[in-house]
Structures are given as structure tokens and as C-alpha cells.
Amino acid sequence: MVFMEKCGTSRLEDAGDCFEMTECWSQAAEVYFKAKCYTKCFSCCSKGKLFYQGLQFLQQLKKEHCENFNSEFAIVGKTYLENCALYYFELGDIKHMMPFVKAFNSMDHVRAFLNSRNLLDELLSIEMEMGNFLEAAGIAKLKGDFLSEVNMLEKAELFEYATQLLLIYITANSLWATHSRGWPPKSFAEKEQFLLKVKEIANKVSESFFHFACIEADALSDSHKSLATLTYNLLEGRKCGSLLVELISACSIIDVHLWSQTSGYNLELEPGPEDE
């Protein structure tokens with residue numbers, strides 16, 4: 001305290017040394033920071049487990065664009081942040097780890113740290129916050145999260161890929177759901193809502209792609225279809241080169257004929273889309 005009161009800024013480092021010797025870590029870090037002794041400052045923060053105090057120092061330096069915070073001290077800051085993040089990671093405290101990870105100087109550093117520890121949820125969250133939607137889509141794919149991947153592809157304005165992926169998701173859940181033999185297509189929660197989403201996204205691509213997506217979406221829909229509509233879908237699926245639409249339409253037509261034969265129903269074509 002004598003150094004600080006009698007000598008002003010000229011003996012700040014000596015004052016910091018005194019505080020450090022007595023393990024007054026917070027005071028030592030404060031004084032070292034004022035003296036621009038950053039290596040000693042962050043060392044005291046680490047020794048005293050004053051991790052957030054050190055983080056505040058780094059944020060202040062970054063905000064002020066301090067000229068003395070050169071490349072050498074940037075390395076010190078990088079090491080400090082990573083050590084803090086590792087401390088909380090080893091404790092299993094991901095919530096308190098993340099502020100230090102987010103303070104890393106580059107996304108490459110963030111990705112390397114989180115990927116190496118298989119923290120994909122946390123990485124996905126950061127990529128989304130940063131607006132890196134294509135990278136976020138890649139992470140969602142690694143996680144096997146189809147719907148998040150579709151959402152990220154849409155945000156990245158890759159509408160065609162988003163539409164195709166969502167159709168795959170709906171098809172898989174319709175034909176190969178749990179306890180399903182593959183036919184007939186099964187209903188599941190939000191299916192019709194997802195089909196509407198398919199059309200909404202596809203409409204942002206082109207008219208021809210929108211028509212193709214509508215044909216597939218209508219084929220997968222649980223809504224009642226007349227024989228004329230099924231025939232129309234079969235022909236349109238053939239025109240579009242969609243084997244899925246052809247398969248579903250053909251099987252549905254066979255089902256209608258089998259039902260009419262077993263029930264003695266006089267099958268007549270109802271008006272379909274081609275008659276409108």
C-alpha cells in the first residue's frame with residue numbers, strides 16, 4: 001500500500017509483487033493490470049481461481065484495443081482462456097465453461113476445442129449465434145438431427161437441399177417408422193405440417209422444383225385421394241422421374257382396386273386434378 005500511496009504508478013509492479021507474496025490474488029491482479037504486467041496479472045487470476053476477473057480484464061483490453069496488448073500478450077490471453085475453459089470442463093461445468101470458449105480469438109480455435117471434446121450441442125449453438133448456418137447444418141448432420149439440419153439449410157438459403165432433406169425425413173418416418181412394415185405410409189405427429197413446410201421452402205427455388213416437391217408431398221400426405229388423383233400422381237411422378245411417387249401411387253391404386261373387389265363396391269373415377 002505504501003508503494004501505491006507514495007510512488008504513484010512508478011512502483012505499481014512492486015506493489016503487485018507484495019500482494020502476490022501474501023496471496024492477495026485479486027489485489028495483485030488489479031495492480032498488475034494497471035501496471036500493464038499482463039502475464040503476472042493472468043497468472044494471479046489463475047492461481048486465485050479468479051477466472052471471471054481475468055475474463056473481464058481481457059474483454060476490457062479488447063474493447064480498448066490496447067496497444068501494449070501485442071501478439072506476445074495475445075498468446076498469454078489465449079492460454080489463459082483455454083486453461084479456464086479446461087478447468088470447468090474437467091469439473092463437468094459446461095455452463096461456466098462456455099463464456100471462456102466464446103471469448104476465444106477465432107472460430108477455428110472454438111471449433112477445435114469443442115470438437116475435440118465432442119461438445120457438438122455447444123458448437124451448434126455458437127455457430128447459430130454467429131450466423132454460420134452452413135457450418136451449423138454440418139454439425140446437425142453429424143448429430144443426426146434432420147430437422148435442425150433442414151432449419152439451418154433454410155437459413156443458409158440452400159432451399160433445394162433443405163426441401164430434399166425434409167422430404168427424406170418425412171418419407172423415412174412414413175414408410176420405415178417403428179413397428180411399420182413399410183406399407184401403407186404411416187401418419188406421425190406434425191407430418192402434414194412438415195409437408196406444408198416442404199411446399200413453402202420449395203416455392204423459393206423455382207416453379208419446376210416447386211411442382212416436383214408438391215407432387216412428392218401430395219403422394220406422402222395422409223389426406224384421402226380419389227382414384228383419378230392417384231392416377232394423376234402416378235403419371236406426374238413418372239414425368240418428374242420420381243420413383244417414390246410412382247411407387248406410392250401405384251400401390252395406392254392397387255389398394256383401391258383390392259378394396260373395391262372385396263367390398264363389392266362399384267369403382268368409378270372421381271374428378272382428379274387433371275380434370276380441373
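Annotation note: Cβ proximity below 9 Å between a residue of the range 238-251 that is assigned to a loop (DSSP other than H, G, I, E, B) and a residue that is at pLDDT below 75 and open to solvent by less than 40 Å² (accessible area, probe 1.4 Å) (sequence gap 6+ or interchain) occurs for 242/236.
Would you confirm whether any residue within the range 32-41 is at pLDDT below 95, open to solvent by 30 Å² or more (accessible area, probe 1.4 Å) and of a type in the set (Ser, Thr, Tyr)? Scanning the range 32-41, I find at least one residue that is at pLDDT below 95, open to solvent by 30 Å² or more (accessible area, probe 1.4 Å) and of a type in the set (Ser, Thr, Tyr), so the answer is yes. When the residues of the range 97-133 are filtered to those that are part of a helix (DSSP H, G or I) and touching a residue at least 40 places away in the same chain (Cβ under 8 Å), which remaining residue is surrounded by the fewest Cβ atoms within 10 Å (Cβ to Cβ)? Checking each candidate, the answer is 99.
From the list 81, 61, the lone residue that is open to solvent by less than 30 Å² (accessible area, probe 1.4 Å), modelled with pLDDT of 95 or more and either within 22 Å of residue 99 (Cβ to Cβ) or of a type in the set (Ser, Thr, Tyr) (or both) is 81. A Cβ distance below 6 Å, combined with a sequence gap of six or more or placement on separate chains, defines the contacts here; from the range 156-167, residues that are closer than 13 Å to residue 138 by Cα and in contact (Cβ under 8 Å) with a residue 40 or more places away in the chain reach no residue that is open to solvent by 20 Å² or more (accessible area, probe 1.4 Å) and assigned to a loop (DSSP other than H, G, I, E, B). Take the conditions (1) surrounded by fewer than 16 Cβ atoms within 10 Å (Cβ to Cβ); (2) under 23 Å from the mean Cα position of the chain (by Cα); (3) not in a helix (DSSP H, G or I); residue 49 misses just one of them, which is (2). Within the range 154-174, if we keep just the residues that are within 17 Å of residue 209 (Cβ to Cβ) and among the aromatic types (Phe, Trp, Tyr), the residue that is surrounded by the fewest Cβ atoms within 10 Å (Cβ to Cβ) turns out to be 161.
The values are calculated or read from the model by the stated rules, or taken from the named source; none is laboratory data. Treat the numbers as computed from the prediction; the structure is a model and nothing was measured. Backbone-built Cβ (ideal geometry, glycine too); neighbour counts: all protein chains shown. Areas reflect the complete protein model, heavy atoms only, side chains present, ligands, DNA and RNA absent. Shrake-Rupley method; radii C 1.70, N 1.55, O 1.52, S 1.80 Å.
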